[in-house]
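Below is one structure; the comments refer to it alone.
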Amino acid sequence: MSVFNRRSFRVDILTAFGTLLLITFLAVIIYNYRSTSRVVLMLSDDLMDQTTQSVIDKTVTFLTPAAELTELSAQLFTTGVLPFDNVAKLERYAIECSKSQSEVAMFLIGDRAGNFLLAKPEPDGITATKFVDRSVNPPLTTWKYWDRAFQVIRTETLTTDTYDPRSRPWYQGAEEKRGLYWTDLFIYYTGKKPGIAVSYPVMDSQGRVAGVIGYDIELVKLSTFLQSLKIGKHGLAFIINDKKELVAYPDPTKVIDNKGETGTLRLVRVDALDNPSIVAAYREYLRTGQEKFSLEVGGVRYHASFTNFPPSFGKPWQVVVVVPEDDFIGEVKNLSHRVLAVCLFFLALSVAVAFLISRRISKPILQLAKETDRIRNFQLEEPLVLKSHIAEIQVLGEAIERTKVSLRSFMRFAPQQLVQQVIQDGKELILEGERREVTLLFSDLRNFTHFAEQTRPEEVVHILNIHFGSMVKIISDHGGYVVDFLGDSLFAVFGAPQSDPGHTIQAIKCAVTMQLTRSKLNAEPSVPHLPRMEMGIGINTGSCVVGNMGSQARIKYGVVGHAVNLAARIETFTVGGQVLISEASRRLVEDLISVSGPFEAYGKGVEGAMQIWEVGGLRHHPDLTLPPTVPGLTSLSQPVPARFRLITGKQIAPELYQATMTKLSEAGVSLVTELGLDDFAAIQLQLSGPAGEPIHIDGKVVGAGEAMHHYIVRFSGLDAAGAAAVSRILAESSN
């Protein structure tokens, strides 16, 4: 015998086990590294986007207040609230404005005569104002220094100041634009800080520019904000303008260059930074025009993004973010190395354990053990394929297969939860119950008894099986359990055996889905020439006793209580395609469903009137909406006389009552009669045939009409004569 046909079980197990573990570990490590890296890079991309948006939002928030106050101040001048010739009032207002915004370096006012007022905060709470008066020759410049109480503590005057606001960019830009104007970047010489000015013109009554109001704003706080941003360990975010100049940078000292050949201060250009990754990223952006890309600099991979400020901002600025890739996935690489070491350790340990186990267990027995696990998990459909020449193992395999067949049959008569409990506990079912709030559902096919009497038994059973097969699956999908089948009706419970806090809404969803499915089955009948079948559904929620009931010889899971009787009574009031629920059910889910009502009804064994509601559908679920109870009602050209009798129980009263029909369809009629009819009252409508013969159509009142003594009646079913009579009346009305 070949050694390949008779090998040591341990060799097979160890070889297979070791190979499988090695492949699995490597696959997991590689997949984990790639997946984690991809996810981390996606998150890093989101982080860069969030950082960019944060910078834009911060910049807009930083500059907007000054722009708004500038425009507001200009409007005060335009409306005359602030006159140019009242210097004292202007000084007080300028001081207040300069203190209102922490980012403001100076508040500026200039008029078309060249007069100029400046206010700027000084250290220790002092505010300095400068007023240039050009109404005298030479122009007189007055400096005043104010304390916190708006008292002048020092005054200086001079006649050598040549400052003219009309020659300054902030004045000329606003005058030319005749609206809000932002200057280019400039540098405050004394503070060596970058700044920008915003201004707005003051218009006189002739539409001419009478003056300009402006703010000088220091931008160093934007750099301070950029310092606080954390984008990995070495990532940077900064702002540039359309001249490649730095507007704000995490290191504020790098925004201004004072090493020029002439010794003058100037703003640093982004391509002149001493950061190779930023310079390379900017050049790549100019070359490709891409807003997001990756690049490699000095053996290190970087991710970069260039994002324009929104057009509404008014300046062609950009936010630039540059981050090394290892800032995001460096730790992933280190983690992968550690995971590899751990996996190798466990691989060696697993091989050792498998060596010990393989000496005691055989493959067929292991296969049988796995099959018992599948049975415990109720995976009963796949047949057991057992390859073994050992008779005992073959007998055990056959016994397991018979157990699976028995369990599949048992589950058709008892809830899966109970079957699973028997298997797990190893104990027989006992007669016991508990009180629990549940939702009960009764459904019944309308006029099916008459159909069954005229149809072959095999076909009746086939049709019922198709109907119940669809309905039971829907009930199961919504967490319900079918307690019993009663001819062409069924009784289901929600919230038992498996507890479900949402049992009421699940029952209503289930009922709506059942009605919609019934309509689809009518549209596509599985049996040729099958008449349209309609179903009524009644639902109630209440406390019931649920559990195993019966005798020691036969046990059944059941539900008993007054709530069951009430649900059954509610179902008797339904017509085809209708879902009716009790007040108890509606109250629990009133915000989730669309209903009409309430309707009052009296039922056998129920004290007092029942409040019943008709379900129209589920809110926020347009696909779970029921059609009207009486669809297609058509107004008749003139009222058509008719007569009707009342039906009580199974008895038809002999008295005939007069009525007129105002609307009609194959599903129902709008009836006007002096006789007061209760909700859900059953009537027999009498129409005249072509030869004057009486034609009877049973129906039920499902609602009030548009006026007093108007009632909507849903037909319970139309035979050929009734359908012909309705069609004839509709045809005569249309002609």
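None of the figures in this text is laboratory data; all of them are computed from the coordinates on show. Only a predicted model underlies this, so the values are computations on that prediction, with no experimental measurement involved. Note that each Cβ is placed from the backbone with ideal geometry, even for glycine, and that neighbours are counted across all protein chains shown.
See the values below:
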{"item": "log10 of Debye I(q)/I(0), alpha-carbon scatterers only, for segment 634-734 at 0.16, 0.17, 0.18, 0.25 Å⁻¹", "result": "-0.61, -0.70, -0.79, -1.60"}
{"item": "In segment 544-582, the trypsin sites (Lys or Arg not before Pro) that fall in loop regions by DSSP, at most 10 other Cβ within 10 Å", "result": "R554"}
{"item": "Ranked by how many other beta carbons lie within 10 Å on average, peptides 202-214, 577-589 from highest", "result": "577-589, 202-214"}
{"item": "Among 695-702, 92-99, the order from most to least packed when residues are scored by Cβ within 10 Å on average", "result": "695-702, 92-99"}
{"item": "Segment 108-202 shape via C-alpha gyration tensor axes, a/c threshold 1.5", "result": "oblate"}
{"item": "nm² value of the averaged projected area, convex hull over the Cα atoms of segment 8-361", "result": "27.1 nm²"}
{"item": "Summed side-chain charge close to L441 - residues other than L441 whose Cβ falls under 12 Å, Lys, Arg +1, Asp, Glu -1", "result": "-2"}
{"item": "Cα gyration tensor shape of segment 514-629, rounded if a/c is under 1.5, else prolate or oblate by comparing a/b with b/c", "result": "oblate"}
{"item": "Per DSSP, loop GluC sites (Glu not before Pro) in segment 592-621 with at most 16 further Cβ within 10 Å", "result": "E607"}
{"item": "Environment charge of V546, counting only residues whose C-beta is closer than 14 Å and scoring Lys/Arg +1, Asp/Glu -1", "result": "-2"}
{"item": "Ranked packing of 490-502, 44-56, most packed first, by mean Cβ within 10 Å", "result": "490-502, 44-56"}
